[in-house]
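**Student:** Pasting a structure here, questions to come.
The values are calculated or read from the model by the stated rules, or taken from the named source; none is laboratory data. Computed from a prediction, not measured in an experiment: that's the story for all the values here. Cβ sites come from the backbone with ideal geometry, for glycine too, and all protein chains shown count toward neighbours. In case anyone asks, the SASA skips ligands and DNA or RNA and just uses the protein heavy atoms, side chains included. Shrake-Rupley method; radii C 1.70, N 1.55, O 1.52, S 1.80 Å.
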Amino acid sequence: MDLHFGDSRPTDEERAAVDTLLGPPVSAWDAGPGSDGSGRSEKDLRWARGGHAARERRDLLLPGLHAVNDRVGWISEGALAYLCRRLMVPPAEAYGVATFYSMFSLRPRPTTVVHACTDLACAARGADRVCAGLEAAGVSFERSPCLGLCERAPAALVVRAGESPVTAVVAPAAAGAVAEAARAPADAGPEPVAADAVPQAGQDGLVLLRRVGAVDPYSLDDYRAHGGYTALRRAFALGPAAVIREVTESGLVGRGGAAFPTGRKWQATASQPDGPHYLVCNADESEPGTFKDRVVMEGDPYAVVEAMTVAGYAVGAHRGYLYLRGEYPRALGLLENALTQARARGLLGDDVLGQGYAFDIEIRRGAGAYICGEETALFNSIEGYRGEPRSKPPFPVEKGLFGKPTAANNVETLVNVLPVLTRGAEAFAAAETKLFCVSGSVSRPGVYELPFGATLGDLLELAGKPERMRAVLLGGAAGGFVRPDEMDIPLTFEGTRAAGTTLGSGVVLVLDDRVELPRILLRIAEFFRDESCGQCVPCRVGTVRQEEALRRIADRTGAAAVDDIALLREVGRAMRDASICGLGQTAWNAVESAIDRLGAYA
């Protein structure tokens, strides 16, 4: 490994941001006193020869980039070089990481950045008008992929850098309100409470959402008064093997879209002789139209902490990582508070609940990369590398985070473990529920909890479907469209598969006949082109060719579109068959379903 540091130096502010995270430098070799080449001591040389210890801190690269970006608003060459010197990371590699994420900038920009969402749900609710208004008002902004605020679309997120960064969410967004928030984000009004995103809040029969709106998300005492930590106590009473057996017998499968049996994953991780074992909570829900995990984290954050502790205990992990979307500042604050309270009360730490089990959780923030929702890309991101998926095998249960056995589950999967333990596997399986994110042209958008087997029509009756519905996108950008006459599709993984579509992560985006379908398809294509990590050719080139073809036929139908539709099918097959990960493999799904199911371009 060669380290070539340039002559650029950090500003005092940039240096302070890095040192606050890493502590002061201890050697001339990591930018301490004498780092200009003079006065390197024998101790410094020993430090240099013992570079393993320094390089072991590479996983702090992403937090370091966040520290500079939060403090200054962008990452200068001097700041990047200083961070590289502190972590012994080659600057070229760090540059590759910093440029991977959309929330970072390596060019000067204002300290206040406005992210205006232009993704599917916001596009269907007037995002173009917001952007046009901001341009007319001379407000600098960045068009953003989904911000996970789809129930209040269109949405904008304002971030002001500084020693204490300030964020403001404006949703539903109007250009004037966004401009005002950009001028004074600290004066922006508070966000609605999480319960406002749950139209069923307070109703009987809820399992996963029962505490949202009923408990104070800041109060550990309130959480315990509503049954919190009952599941962890039962887990300790059962022991790790019995917990895994209970989860396996419940039939719980992953809620991120793959539907892999959770108990099998935990058993495979726990049985690995190598160690240490890790638990990762994937809270990087970036599928356009997905926001259920945000609502759970904001409305019931202690449930996520408790569920991670149960999972860590079961698989033999003593450390858990919660990888959170960078676009979720309120969830970050609530989770940080929950972790602090849990540690103070002995629910995390060296002796959890006095049971002799050590476990703690660290939050890692993403920085705007859809691909990091893929578990191996997420591992690379935590480890300080570009968030590119790894080839499998080996699978994460064998060699996951830091090359060690790792169980990775998303938020919804993990919080399901609590009722598995408190109700028992059989009772859970008899009344299993699923969360759905309903947005678009409905009267009551939000997160809904329905039993498995409810139909799409049942869900849309609750959400208030439009009179003139054009289509429903199931599963998000990686999913597929269904027609208005297909409301009897059962909302199960098997039922949607049998109907030729997918449940995915639970996205249900409703479009009425005012929406221009070709524009929605083009936005989906732009999304995949932007979010492809570029690692494999079928995805990197295919997503570009797909967008080009859709742009050519945006205003064409019939014979005028035949050649490009044939090309789209060929490119789609190549991406599906030969891409490394799910991004490329599913990038053609929604477009294909629109052509075949809805008759787009016919």
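**Student:** Would you mind giving the average projected area, over all directions, of the Cα convex hull of the stretch 217-264 in nm² with one decimal?
**Tutor:** 4.5 nm²
**Student:** What is the distance in Å between the Cα centres of the stretch 235-309 and the stretch 531-602?
**Tutor:** With the stretch 235-309 and the stretch 531-602 each reduced to a Cα centre, they are spaced 34 Å.
**Student:** Another question, if that's okay. Could I have the simple spin-label model distance between Arg224 and Phe402, label points 7 Å from Cα toward Cβ, reported in nm to one decimal?
**Tutor:** Once both label points are built, they end up 3.0 nm from each other.
**Student:** With every protein chain left in place, what is the accessible area per residue of the chain in square angstrom, probe 1.4 Å? Numbers along the way, then the final one.
**Tutor:** Values: 23330 Å² over 602 residues.
Each residue of the chain exposes 39 Å² on average to a 1.4 Å probe.
**Student:** Here is a follow-up. Out of all Cα-Cα pairs in the stretch 483-602, roughly what percent, to the nearest whole number, are more than 20 Å apart?
**Tutor:** Numbers: 3168 of 7140 pairs.
Tail fraction, whole percent: 44.
**Student:** Something else about it: Starting from the Kirkwood radius over alpha-carbon pairs of the chain, derive D by Stokes-Einstein at 37 °C in a medium of 0.692 mPa s and give it in µm² s⁻¹. Before the final figure, lay out the partial values.
**Tutor:** Details: Rh = 25.1 Å.
Rounded, D is 131 µm²/s.
**Student:** Moving on. For the pair Ala498 and Ser140, how long in nm is the line joining their label points, each one 7 Å along Cα→Cβ?
**Tutor:** Between Ala498 and Ser140, the simple spin-label model gives 5.6 nm.
**Student:** Same structure, new question: I'd like the per residue volume of the convex hull spanned by the Cα atoms of the stretch 314-451, given in cubic angstrom.
**Tutor:** Numbers: hull volume 23.1 nm³, N = 138.
Expressed per residue, the convex hull around the Cα atoms of the stretch 314-451 is 168 Å³.
**Student:** Using a 1.4 Å probe on the protein chains only, how many percent of the accessible area of the chain belongs to carbon and sulfur? Present the calculation step by step, with values, prior to reporting the outcome.
**Tutor:** Details: 11590 of 23330 Å².
Percent of accessible area from carbon and sulfur atoms in the chain: 50.
**Student:** Round to a whole angstrom and tell me the spacing of the C-alpha centers of the stretch 111-173 and the stretch 406-443.
**Tutor:** 30 Å
**Student:** Return the subset of Lys292/Lys404; Lys392/Lys434; Lys265/Lys392; Lys265/Lys399; Lys292/Lys399 for which the Cα-Cα distance in this structure is over 22 Å, preserving the input order.
**Tutor:** Details: Lys292/Lys404 29 Å; Lys392/Lys434 28 Å; Lys265/Lys392 15 Å; Lys265/Lys399 13 Å; Lys292/Lys399 29 Å.
Long pairs (Cα-Cα over 22 Å): Lys292/Lys404; Lys392/Lys434; Lys292/Lys399.
**Student:** What does the charge add up to near Arg71, with Lys and Arg as +1, Asp and Glu as -1, over the other residues with Cβ less than 14 Å from its Cβ? Please report the intermediate quantities before stating the final value.
**Tutor:** Numbers: positive: Arg15, Arg109, Arg160; negative: Asp12, Glu13, Glu14, Asp19, Asp70, Glu163.
Combined, the nearby Lys, Arg, Asp and Glu give -3.
**Student:** Now, a different point. Project the alpha carbons of the stretch 190-271 onto their principal axes and report the range along each, largest first, in whole Å.
**Tutor:** So the three principal-axis extents are 46, 31, 25 Å.
**Student:** Beyond 15 Å, how much of the Cα-Cα pair distribution for the stretch 233-313 remains, as a whole percent?
**Tutor:** Working: 2100 of 3240 pairs.
Counting pairs separated by more than 15 Å, the tail of P(r) holds 65 percent.
**Student:** List the aspartates and glutamates whose alpha-carbon lies under 15 Å from that of Lys465, not counting same-chain residues fewer than 8 positions away?
**Tutor:** Glu151, Asp485, Glu486, Asp488, Asp512, Asp513
**Student:** Based on the alpha-carbon set only, what is the convex hull volume of the stretch 383-530 divided per residue, in Å³?
**Tutor:** Working: hull volume 23.5 nm³, N = 148.
Cα-based convex hull of the stretch 383-530, divided per residue, equals 159 Å³.
**Student:** Run the numbers for Ala214 and Ser8: contour at 0.36 nm per residue of separation, minus the present Cα-Cα distance, in nm. It would help to have the intermediate numbers written out before the result.
**Tutor:** Details: separation 206, 0.36 × 206 = 74.16 nm, distance 5.31 nm.
Computed gain between Ala214 and Ser8 is 68.8 nm.
**Student:** In whole percent, what relative contact order does the chain give with Cα contacts below 8 Å and a gap of six or more residues?
**Tutor:** Details: 1203 pairs, mean separation 72.6, N = 602.
Answer for the chain is 12 percent.
**Student:** Sticking with this one: Order of 525-532, 321-328, 487-494 by packing, highest average Cβ count within 10 Å first?
**Tutor:** On the way: 525-532: 21.4, 321-328: 26.0, 487-494: 16.9.
Highest to lowest by the protection proxy: 321-328, 525-532, 487-494.
**Student:** Run the quick spin-label model on Ala431 and Ala566: label points 7 Å from Cα toward the beta carbon, then report their separation in nm to one decimal.
**Tutor:** Computed distance between label sites Ala431 and Ala566 equals 5.7 nm.
**Student:** Tyr321's amide H: which non-local residues (gap 5+, or another chain) put their own amide H closer than 5 Å, with H modeled 1.01 Å from N in plane and none for Pro or chain starts?
**Tutor:** Leu279, Val280, Cys281, Glu362
**Student:** Report the Cys residues of the chain lacking a disulfide-compatible partner, meaning no second Cys Cβ under 4.7 Å from their Cβ.
**Tutor:** If one checks each Cβ against the other cysteines of the chain, Cys84, Cys131, Cys146, Cys150, Cys281, Cys372, Cys437, Cys533, Cys536, Cys539, Cys581 turn up with nothing under 4.7 Å.
**Student:** For a Förster distance of 41 Å, can you work out the FRET efficiency between the beta-carbons of Ser391 and Arg483, rounded to the nearest 0.05?
**Tutor:** On the way: r = 37 Å, r/R0 = 0.91.
Once the sixth-power term is evaluated, E becomes 0.65.
**Student:** Now for a different question. May I ask for the equivalent-ellipsoid semi-axes of the stretch 392-475, computed as the square root of five times each C-alpha gyration tensor eigenvalue and listed largest first in whole Å? Can you show the working numbers first?
**Tutor:** Values: eigenvalues 221, 76, 20 Å².
Over the Cα atoms of the stretch 392-475, the ellipsoid semi-axes are 33, 20, 10 Å.
**Student:** Right, next: So what are the three principal axis dimensions of the stretch 189-235 from its Cα atoms, in whole Å, longest to shortest?
**Tutor:** 39, 25, 14
**Student:** How many percent of all Cα-Cα pairs in the stretch 348-400 sit more than 14 Å apart?
**Tutor:** Working: 838 of 1378 pairs.
Here the tail beyond 14 Å accounts for 61 percent of pairs.
**Student:** Evaluate 2.2 N^0.38 Å with N set to the residue count of the stretch 248-370, then give the Cα radius of gyration divided by it. Write down the numbers at each step before the final one.
**Tutor:** Working: Rg = 14.7 Å, N = 123, 2.2 N^0.38 = 13.7 Å.
Ratio of Cα Rg to 2.2 N^0.38 Å: 1.07.
**Student:** Also, I was wondering about something else. Please give the contour-minus-distance gain from Asp350 to Arg573: 0.36 nm per residue of separation, less the Cα-Cα distance, rounded to one decimal in nm. Kindly include the intermediate steps, with their values, before the conclusion.
**Tutor:** Working: separation 223, 0.36 × 223 = 80.28 nm, distance 5.12 nm.
Taking 0.36 nm per residue and subtracting the Cα distance, the gain is 75.2 nm.
**Student:** Spelling out what I want: for every residue of the stretch 298-309, take phi, set θ = phi - 60°, compute 6.51 cos²θ - 1.76 cosθ + 1.60 (Karplus), and round to whole Hz; glycine and proline get x.
**Tutor:** Along the stretch 298-309, the couplings run 7, x, 8, x, 5, 5, 5, 5, 4, 5, 5, 5 Hz.
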